[in-house]
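I have placed the structure first, in the form of structure tokens, so that the comments after it can refer back to it.
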Amino acid sequence: MIQSVLVGLVEAYVVLLIVRALLSWFPSHPGSPVFQLERALGVVTEPVLRPIRRLLPPVRIGAQSLDLSFIAVILVAQIIVIPLLRA
């Protein structure tokens, strides 16, 4: 019971991370519903991403940068979920 709740929470958090990453590719304007969603997702995800970003700063790719903290958090989340699914 507790395991399935934990798995569900971790999977939901991963979905929030993916949605935030996808929304970051598109411009949004203050006051728009997308902007409000981005802010809400930032409140939920940034406390986890910020410390990872300090350890693993974004990688410069030409004029762009790739934030690897999202990938790191998703990988760690999957590492946490796999043993819970087997139990």
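Quick note: the coordinates plus some simple rules give every number you see, no bench work behind them. Since we're looking at a predicted model, the values are computed, not measured. Because the Cβ atoms are built from the backbone with ideal geometry, glycine has one as well, and the counts that use them run over all protein chains shown.
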With a 10 Å radius around each residue's Cβ, average the other Cβ atoms per peptide and rank 72-79, 22-29, highest first. 72-79, 22-29
Calculated SAXS-style log₁₀ I(q)/I(0) at q = 0.22, 0.24 Å⁻¹ - the chain, Debye, Cα scatterers: -1.12, -1.21
Label points 7 Å out from Cα along the Cβ direction at L16 and L84: separation in nm? 1.3
May I ask for the angle, rounded to the nearest 10°, between helix 69-86 and the longest principal axis of the chain, with both axes built from Cα atoms and the value confined to 0 to 90°? 20
